[in-house]
Amino acid sequence: MYFGKVIRENLDDLQKMKEAAWSAWYHVASTDDNPMHDFCDPDHCRIYTDFSYRHEAHSLPPAVCAVIKAAYDEICSEEPLRRTLNGGATNAN
């Protein structure tokens, strides 16, 4: 759901689309020792508004993040994202 949202919100800017798509992975892979919220939207990421924010309650385990990173590498690469520019689809059907 979030992935589709960032595609629709960045239809005309490939770099912004890529950063916004990756923001979800970086957000759930973040820990208190290694926060990775550089791509997060400050209006939606609680780390910017809740200074007592604890990552462990909202993060995925590192092993899970490592597995899903491969999927993100594929769907967030330039070719699939380029096909969605200006409202295109990645589905060939």
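The values are calculated or read from the model by the stated rules, or taken from the named source; none is laboratory data. Note that the coordinates shown come from a computational prediction; the quantities given were computed from them, not determined experimentally. Neighbour counts run over all protein chains shown; Cβ positions are idealised from the backbone, glycine included. Just so you know, the surface numbers come from the protein's heavy atoms only, side chains and all, with ligands and any DNA or RNA stripped out. Shrake-Rupley method; radii C 1.70, N 1.55, O 1.52, S 1.80 Å.
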Problem set entry | Disulfide-incompatible cysteines by the Cβ rule (no partner under 4.7 Å) in the chain | C65, C76
Problem set entry | Cα-based equivalent ellipsoid, the chain: semi-axes from gyration tensor eigenvalues, Å | 26, 16, 9
For this session: With the full set of protein chains in place, find how many percent of the accessible area of the chain is carbon and sulfur; take the probe as 1.4 Å.
Result: 55
Exercise. Given +1 on the Cβ of Lys and Arg, -1 on the Cβ of Asp and Glu, and no further charges, what dipole in debye does the chain carry about its Cα centre, rounded to the nearest 20?
Worked result: 280
Seminar exercise, completed: Calculated from DSSP helices alone, with each H run of at least 4 adding -39500 (n - 2.57) and the total divided by the residues of the chain, [θ]222 nm to the nearest 500 comes to -14500 deg cm²/dmol
Exercise. Are there chymotrypsin sites (Phe, Trp or Tyr not before Pro) in segment 1-88 that DSSP marks as loop and that have at most 14 other Cβ atoms within 10 Å, and which are they?
Worked result: F51
For this session: Would you work out which of W25, G87, H55 lies farthest towards the positive end of the dipole of the chain? Charges go on Cβ: Lys and Arg +1, Asp and Glu -1.
Result: G87
Exercise. Considering only protein heavy atoms, what per residue accessible area in square angstrom results for the chain with a 1.4 angstrom probe?
Worked result: 68
